[in-house]
Structures are given as structure tokens and as C-alpha cells.
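For reference, the structure discussed in these notes is given below.
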Amino acid sequence: MQESFVGTWTHETQLSGANLHSLRDLNRRFLELAATARGEWACRGGLSAGILVHLAPLSQPQREAAADCPYALFDLRFRDAAHWQLRLQNARHWRVADEPGEDAATVEFVRLALFYAWHIASVAGITAQLLLGMNGPTAEAFRAATVDSLPSLAVSESAHLSARWSDCAVYWSALVGAASGGNPATLRRVQLHGLQLAAASRLPYANARQPV
């Protein structure tokens, strides 16, 4: 049933191999950032100390396996339409304002994530919602933005980088555990559960904290 679900989902969202490949690369880079997170970034990222402790020892192949999801493992307040409407309409204003002093690797990741979000938002349908957790108004704001407005936002928006579903410790514990366990079938089941979380988030009264 889950395989049927993912097949239908990927067909309806008009996903291309290139889009998914880029998303996997971003997920891998995010997991690497999270694995080395310290202090404020770790707290803001929403991942508990216990999960971070288990994430750090994962090998590169294990992180790549965990990152192989058809949805983002990271978030940049994509459900906050008011935030993005303001930011994208006044992008140059945020070049210096609210500079958080993040490390270069985090800023570079956010810059790439913004370009990816801008590209995905141009795809019709619910793709941006399921892949990135955007709502309709946020996707519209990205579609209306110009590509040259994005780089100036990388520094300020790096302050908002976090783990997707950061309040769902069950999901993250299961993902990290399955990646370290070396069982592809178990990892696949956890990753398919992420699709259900993404779909459930579109429902007004959905409870995203369902068990894996």
C-alpha cells in the first residue's frame, strides 16, 4: 500500500529525476550540518540532543541513505506566508538587516535551498507543498520573485533554518535509527512515513505526530 502511495504521489506532483536528485543532495548537506550542529543552531534546528548524538556518528553512506527522501528534511518557515511575502517583496532590505552571523556552510546551504524553493514553486499543483511544506501563498510569493532577489536573503534566512517536523521526535528517531541499522527495507518504511506526514500537513485538522 505504501509503495502504491508513493507512486501515485510522485506522479501527481510531476516530479522529475533532476528535482529529486537535487533534493537528495540538499537533504544530505542538511544532515551534515545538523550532525555538526552546536549551541543555538542545534536548539533552533529542533532536534533533541539524543537524536543529534546518534546523527553525528553516521557514516557518509548512511547519511546519503537517510537523505534519499522525496521530500525536504529541512525547513525555512515555508508555511509562514506573511514572512515570505514580506521578505521576497523587500529582498534588498534584508541584505544587512537581521544578520545572524551564521557560519559560511549554513549560509551557502540556505542560498542553495532558496534557489531550489524558487524553482519548485514554479511547478504547478501541490509539489511545493509536499516537497517543501509550502502553503499556497508562500509558493505564489516565490513564483512572483525574481531570481536575482534570492542571494541577498541567504544570510538573514539562515537564522530560520530548522529540521522539518522538528516536533515529531518519533519520525527523526526512527529515521536516524534505520539509517544506522543498515536495513534498507526498514529505512524505506520510515521514509514513506515522511510522505504521509507531508500529505497529512495539508489537512486542516491532521495530526502529524502519528507513530511510525
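The values are calculated or read from the model by the stated rules, or taken from the named source; none is laboratory data. Owing to the predicted nature of the structure, the values given are computational and were not obtained by experimental measurement. In this analysis, Cβ positions are derived from the backbone assuming ideal geometry, glycine residues included, and neighbour counts consider all displayed protein chains.
Data table
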read-out	value
Residue check, residue 140 acidic (Asp, Glu), touching a residue at least 60 places away in the same chain (Cβ under 8 Å) and out of contact with any Cys (no Cβ under 9 Å at 6 or more places or on another chain)	no
Qualifying residue in segment 31-53 (condition: loosely packed, with under 15 Cβ neighbours inside 10 Å, of a type in the set (Val, Ile, Thr) and at pLDDT 80 or above)	yes
Lone unmet requirement of (1) part of a helix (DSSP H, G or I); (2) at pLDDT 75 or above; (3) surrounded by fewer than 16 Cβ atoms within 10 Å (Cβ to Cβ) for residue 57	(1)
Any hit, segment 159-169, residues being more than 24 Å from residue 63 (Cα to Cα) and modelled with pLDDT under 90	no
Residue satisfying condition, being more than 21 Å from residue 30 (Cβ to Cβ), modelled with pLDDT of 90 or more and buried (at least 17 other Cβ atoms within 10 Å of the Cβ), within set 178, 141, 174, 154	141
Extreme residue, farthest from the chain's Cα centre (by Cα), among residues of segment 161-199 that are closer than 13 Å to residue 133 by Cβ and outside any loop (DSSP other than H, G, I, E, B)	199
Number of positions in segment 132-160 that are closer than 22 Å to residue 195 by Cα, of a type in the set (A, V, I, L, M, F, W, C) and part of a helix (DSSP H, G or I)	2
Residue in segment 158-166 that is at positive phi and out of contact with any helix residue (DSSP H, G or I) (no Cβ under 6 Å at 6 or more places or on another chain) present	no
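Residues checked against (1) at pLDDT below 90; (2) in a helix (DSSP H, G or I); (3) under 28 Å from residue 143 (Cβ atoms):
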site: 3; (1), (2), (3): yes, yes, no
site: 24; (1), (2), (3): no, yes, yes
site: 71; (1), (2), (3): no, no, yes
site: 79; (1), (2), (3): no, no, yes
